[in-house]
């Protein structure tokens, strides 16, 4: 199965389910982002809180400037985009500054771990997070797999977290409430 088929299936799932009070993050391959028509994005987001994630992977067939142009067109139509896996790969801030406005920045789990082990890196990350939040950009820390990483996320000011540890906490609370 090609990524475009997987991505279309994800968009179809979102369209088919009424998920009113949930923000959904939908990660799309760059090739899918470029080839899926705008009307499919419109029908997917239609009244739902959907944030499309811009992949960190590089497309073999097109320059990033073309991807950024398509994302900017969709942002002009009111769509929300997240920069996925910030801190991975080679592009650094390029994805952030190539688009008109990211709604969310998701910090890569390996970048988080490296930042936790070096105070200078943690300070830089803390400053970046503060700058993004001051600009109205929401920050998600990925890879929260234990209490220490969750504490670090709180310390640097992340708005949301994603990872196994959080899933475990929620599952425990649901089980206790039952």
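Couple of notes before you dig in:
- Single residue of 67, 4 found to be closer than 19 Å to residue 105 by Cα and assigned to a helix (DSSP H, G or I): 67
- Some residue of segment 106-122 being touching a residue at least 24 places away in the same chain (Cβ under 8 Å), touching a helix residue (DSSP H, G or I) at 6+ places or on another chain (Cβ under 6 Å), within 25 Å of residue 33 (Cβ to Cβ) and surrounded by 18 or more Cβ atoms within 10 Å (Cβ to Cβ): no
- Meets criteria (over 25 Å from residue 134 (Cα atoms), part of a helix (DSSP H, G or I) and at pLDDT below 90) for residue 43: yes
- Per the conditions (1) surrounded by 12 or more Cβ atoms within 10 Å (Cβ to Cβ); (2) over 19 Å from the mean Cα position of the chain (by Cα), the sole criterion not satisfied by residue 17 is (1).
- Residues within segment 11-29 that are within 24 Å of residue 142 (Cβ to Cβ), assigned to a helix (DSSP H, G or I) and either modelled with pLDDT under 90 or out of contact with any strand residue (DSSP E or B) (no Cβ under 9 Å at 6 or more places or on another chain) (or both), tallied: 2
- Per-region count, segment 93-103, residues surrounded by 22 or more Cβ atoms within 10 Å (Cβ to Cβ) and under 18 Å from residue 127 (Cα atoms): 1
The values are calculated or read from the model by the stated rules, or taken from the named source; none is laboratory data. Bear in mind that the values here come from a model prediction, so they are computed numbers and not experimental data. As a convention, Cβ positions derive from the backbone with ideal geometry for all residues, glycine included, and neighbour counts pool all protein chains shown.
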